[in-house]
Amino acid sequence: MAKETSTVLSSNISMKMMAEGLKRSSETQDVTQTPIFKEVIVNLGDERTILDIGAGVGRFTAPLASAGCHVTAIEPSTEMISYLKETLSRYNVSESVDIVQSSWPSDNCKLAEVALATFVIQFSDDWVAFARAMEKWATNRCILAVHVDPLMFFMERLWPIFNPDKPNPRMPGFTEIYPALLNAGIIGNVKVFEEQHGPRWKNVEEALPMISGRLGIAENVEAMKKLEDILRDPTSEVFKTRPHRVAMISWAPPKSI
Ligand SMILES: C[S@@+](CC[C@H](N)C(=O)[O-])C[C@H]1O[C@@H](n2cnc3c(N)ncnc32)[C@H](O)[C@@H]1O
């Protein structure tokens, strides 16, 4: 299942959609108030070093650097890195962050007190290897965040309408990832909490190119018309706000126990 999602991620449309979602989230949410940010801070040692794996646009990287931390941001995507650099400049913390362009697991990093990976592990082909590599490079704590509810819940309804013969390339979440970690003996404390997500798009014009790209129907005039009609329906779920549960999994790497 993880392999299918790698394909989803690799398309430009998905990357753009992800970057826009992350930017909006960093503008509307104060991450310093989240359980994830607090968990990182309480597990820091004297050096205040953090590995932010799959840093994206720097939603956590920049506020952590502002809190006096030294962050190594691991990020494979050139597009995300350009957004990340913008965020770091905006926070005036570029000096406190080393950017490493790489996928995780990577040996191109240095030991840190906390290894953090928020909403990244689901893209990996091997969740256990991903988590084991966090243990290798963290001295105090490994912290993962994964979705409990699917981020784009409305795709569950739209996908079969437009792709009745193809399985929905659904992102794996907590229900798949946590058991895999448990089976490998990685037993973390779990905290599930709710995040309020506003609608991803303001209007049909914004939503149409992204959703049609995701559904693979952008070239199909008839299907595009049908999608537009669905989105213009005032009862469309796409523009509704709804609570979204996420899980934080936090554990000590074996060597520090
Ligand atoms: C949903 S975003 C999350 C970004 C950030 N952690 C946050 O919570 O705002 C996922 C990020 O992980 C990156 N990514 C995907 N696969 C990765 C891998 N194997 N190693 C490191 N980063 C990866 C993507 O390029 C993207 O920037």
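Throughout, read-outs are computed from the coordinates displayed, never taken from laboratory work. Nothing here was measured: the structure is a model prediction, and the numbers come from that model. When we count neighbours, we look across all protein chains shown, and the Cβ atoms used for this are built from the backbone with ideal geometry, even at glycine.
Just a few scattered comments:
- Between region 49-67 and region 84-133, the C-alpha centres lie 8 angstrom from each other.
- Set of region 226-257 residues, backbone N closer than 20 Å to the point 7 Å along the Cα-Cβ line of Ile187: 248-257
- Length, then width, then depth: along the principal axes, the Cα atoms of region 34-116 run 32, 29, 23 Å.
- Proximal charge balance of Trp251 [Cβ under 10 Å; K/R count +1, D/E count -1]: 0
- The orientation-averaged projected area of the convex hull spanned by the Cα atoms of region 77-197 comes to 9.9 nm².
- Global form of the chain, assessed from the alpha-carbon gyration tensor, a/c cut-off 1.5: prolate
- Evaluated at q = 0.18, 0.19 Å⁻¹: base-10 log I(q)/I(0), Debye formula over Cα of region 1-143: -1.03, -1.16
- Pairwise alpha-carbon distances in region 28-72 exceed 16 Å for 29% of all pairs.
- Peptide packing: for 127-137, 88-98, the average count of neighbouring Cβ atoms within 10 Å per residue gives the ranking 127-137, 88-98, highest mean first.
- Cα-based equivalent ellipsoid, region 168-257: semi-axes from gyration tensor eigenvalues, Å: 38, 16, 10
- As a length-normalised measure over Cα pairs under 8 Å and 6 or more apart, the relative contact order of the chain settles at 21 percent.
- Residues Glu219, Glu47, arranged from fewest to most other Cβ atoms within 10 angstrom of their Cβ, appear as Glu219, Glu47.
- Order of Thr28, Thr118, Thr139 - criterion: other Cβ atoms within 10 Å of each residue's Cβ, fewest first: Thr28, Thr139, Thr118
- Sorted peptide list for 58-68, 231-241, 34-44, criterion being average Cβ within 10 angstrom, highest first: 58-68, 34-44, 231-241
- One chain, two ends: Lys240 and Arg24. Fully extended at 0.36 nm per residue, the span grows by 76.2 nm beyond their Cα-Cα distance.
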